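Input: a single structure, listed below in structure tokens.
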Amino acid sequence: MTPDIPKYQAWRRRMVDQLRERGITDETVLAAMEKLPRHWFVSDTLLDTFLYDIDRAIEIDCEQTISKPYTVAWQTQLLSLQPLMTVLEVGTGSGYQTAILCEMSARVHTVERQHTLYRKTKALLASLNYHAKCFLGDSFNGVPEMADFIYDRILVTCGAPNIPTGLMKVLKVGGIMVIPVGIGEQRMLRIYKDGDTPEQWRIEDHGDAKFVPMLQGRNFEK
Ligand code: SAH
């Protein structure tokens, strides 16, 4: 693993300054992003300043991407996270977002449908001493292995065709889901679950979003 030398720390300070200029104000999000080396979550051959470009998504395995730093900051800020909350992340991918949530003292469960990413990222997170629980699945109905578990927050990092009602079931009443929704064009929604029925879900639209699609089923191919 490439050590976190002062040069990379300086790149991250600049990244955080740019996030502030772009309107990110949640200091706990900014502190986590300043602390966590993003280059640990991509291939070593990608070590360059563009890793810390706030508008740059980067390819990882299985033709997936690690979200842009701006998107990570934006979605995490929308979560309104408090320490020790339980969070379900949909789309583990590289594990970068998972580690940011852990740095913010959340108790994190994360689900990935690509077997290769699930396996690799689970091992990476454990080697970095993050205690997130990793699951393989498509999460449209939450996490079958954790039946009856409900979450304070749900963060979806892939674009869902519509609001997955099965996933809303595992969100606490009073909880918040942040999710990009739409076929073709996506919108970033923040959903407040004020009650169990859809009429009691308050939906805020936070504008355009662009994510890889949320797909059904597990994928065991490379
Ligand atoms: N949070 C990730 C972003 C990864 S991109 C990071 O920080 O790197 C989105 C991920 O969602 C991809 O890895 C994709 O395979 C995964 N994904 C897509 N549909 C899914 C589903 N239904 N359930 C779980 N993961 C899914």
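The values are calculated or read from the model by the stated rules, or taken from the named source; none is laboratory data. Please read these numbers as outputs of a predicted model, since none were measured by experiment. Cβ coordinates were reconstructed from backbone atoms using ideal geometry, including for glycine residues, and neighbour counts include every protein chain displayed. The area values use the complete protein model at the heavy-atom level, side chains included, leaving out ligands, DNA and RNA. Shrake-Rupley method; radii C 1.70, N 1.55, O 1.52, S 1.80 Å.
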In segment 98-145, anything closer than 15 Å to residue 32 by Cβ, near the ligand (Cβ under 10 Å from one of its atoms) and touching a strand residue (DSSP E or B) at 6+ places or on another chain (Cβ under 6 Å) is listed as 98, 101
List pairs: first in segment 117-143 and under 30 Å from residue 162 (Cβ atoms) and among the aliphatic types (A, V, I, L, M), second surrounded by fewer than 16 Cβ atoms within 10 Å (Cβ to Cβ) and at pLDDT 95 or above, Cβ under 6 Å, 6+ apart or cross-chain? none
Would you please name the residue that is most open to solvent (accessible area, probe 1.4 Å), looking only at residues in segment 199-214 that are aliphatic (A, V, I, L, M) and at pLDDT 95 or above? 203
Of the listed residues (176, 163), the one being closer than 21 Å to residue 86 by Cα and surrounded by fewer than 20 Cβ atoms within 10 Å (Cβ to Cβ) is 163
Out of 220, 211, 149, sole residue that is touching a helix residue (DSSP H, G or I) at 6+ places or on another chain (Cβ under 6 Å) and in contact (Cβ under 8 Å) with a residue 40 or more places away in the chain: 220
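Here's the yes/no breakdown for (1) surrounded by fewer than 19 Cβ atoms within 10 Å (Cβ to Cβ); (2) modelled with pLDDT of 95 or more:
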site	(1), (2)
97	no, yes
102	no, yes
107	yes, yes
113	no, yes
123	yes, yes
127	yes, yes
148	yes, no
156	no, yes
159	no, yes
Residue match in segment 40-50 (condition: without any contact (Cβ under 8 Å) to a residue 60 or more places away in the chain, surrounded by fewer than 17 Cβ atoms within 10 Å (Cβ to Cβ) and touching a His at 6+ places or on another chain (Cβ under 6 Å)): yes
Residues (part of a strand (DSSP E or B), closer than 25 Å to residue 61 by Cβ and among the aromatic types (Phe, Trp, Tyr)) located in segment 179-213: none
Filter result (surrounded by 17 or more Cβ atoms within 10 Å (Cβ to Cβ) and without any contact (Cβ under 8 Å) to a residue 60 or more places away in the chain) within segment 20-33: 24, 26, 30
Checking residue 66 against (1) touching a Phe, Trp or Tyr at 6+ places or on another chain (Cβ under 7 Å); (2) modelled with pLDDT under 95; (3) closer than 17 Å to residue 153 by Cβ, only one condition comes out false. Which one? (3)
Per-region count, segment 51-95, residues near the ligand (Cβ under 7 Å from one of its atoms), open to solvent by less than 10 Å² (accessible area, probe 1.4 Å) and under 17 Å from residue 207 (Cβ atoms): 1
